[in-house]
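Encoded as structure tokens, the structure appears first; notes follow it.
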Amino acid sequence: MSAENQLPAGKRGLVYVILSCVCLMWMFIAFGTRVYTIEGSGSSETWSDIWYSCSRGNSDAVAGCVYLTDKNIDCVKLEDHIRATRAFYILTAVFVVVSLAAGLVDMFGSLEGLPGGLGGAVVLAVCSAVVIVWSVLAWALCISYPRTIFCSTNAAVDSDTFRWEASPFMMLMLTITAIIQLVLALVFPGGPAAKTAA
């Protein structure tokens, strides 16, 4: 690879770390924001994230919320779907942290000296690829949640006032950022290799 396509030693890791921090930001927002909202008449509304489903009537100042995996809901299909969604969200977050750690190590050039000739580019690319796969699966489960009929309830998207909220879009942004990381890892060798012109 030509010298103009190479990052100075440590710079690839620095950019990778910055992108990992951006991924973490998307992840935190995805954890804490709604999946959807259904507006009712007047000021009433119903909404849900991956933790709770809440509703507020016209005359209610405070919303009532139900933990989505509460046994009292008595809907195994809903419990299984929500638990799977949470699991993929959490696993995505774990792999983002692993990617962040790999980027920090690469920033100091330590990944290039791995045994078996396994270079930093391969490690970073694998980390990014894993994040991409898990985040896409988390996103797919998230958007299928309001589209699915659980037990005796109707699918949330069937409501005329249904509106998507931030959580699934944040997972999509995380995937896009991880794709940029993957391209960075494959295109720019960084590390000691960047010191030598082709």
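The values are calculated or read from the model by the stated rules, or taken from the named source; none is laboratory data. Bear in mind that the values here come from a model prediction, so they are computed numbers and not experimental data. Note: ideal-geometry Cβ built from the backbone for every residue, glycine included; neighbour counts use all protein chains shown.
Just name the residue that is surrounded by the fewest Cβ atoms within 10 Å (Cβ to Cβ) out of those in the range 125-154 that are assigned to a loop (DSSP other than H, G, I, E, B) and out of contact with any strand residue (DSSP E or B) (no Cβ under 9 Å at 6 or more places or on another chain). So that I can check it myself, show each step before the final result.
Going residue by residue through the range 125-154, those that are assigned to a loop (DSSP other than H, G, I, E, B) are 145-154.
Now narrow it down to the ones that are out of contact with any strand residue (DSSP E or B) (no Cβ under 9 Å at 6 or more places or on another chain): 147-154.
Numbers: Arg147: 12, Thr148: 14, Ile149: 11, Phe150: 19, Cys151: 10, Ser152: 6, Thr153: 11, Asn154: 9.
Looking at the filtered set, the residue picked out is Ser152.
Just one of the listed residues (Val122, Val96) is in a helix (DSSP H, G or I) and surrounded by fewer than 16 Cβ atoms within 10 Å (Cβ to Cβ), namely Val122.
Of the conditions (1) touching a Leu at 6+ places or on another chain (Cβ under 6 Å); (2) at pLDDT 90 or above, Ser159 satisfies every one except a single condition; which number is it? Of (1) touching a Leu at 6+ places or on another chain (Cβ under 6 Å); (2) at pLDDT 90 or above, only one is false for Ser159: (1). Name the residues in the range 9-37 that are buried (at least 19 other Cβ atoms within 10 Å of the Cβ) and of a type in the set (Phe, Trp, Tyr), would you? Scanning the range 9-37 gives Tyr16, Trp26, Tyr36. Taken together, Ser43, Ser2 contain a single residue that is closer than 30 Å to Gly64 by Cα, loosely packed, with under 15 Cβ neighbours inside 10 Å and modelled with pLDDT under 85, which is Ser43. Against the numbered list (1) at pLDDT below 85; (2) at negative phi, Val105 comes up short only at (1). Entry remark, the range 74-93: residues being surrounded by fewer than 16 Cβ atoms within 10 Å (Cβ to Cβ) and in contact with a Phe, Trp or Tyr (Cβ under 8 Å, 6 or more places away or on another chain) number 1 in total.
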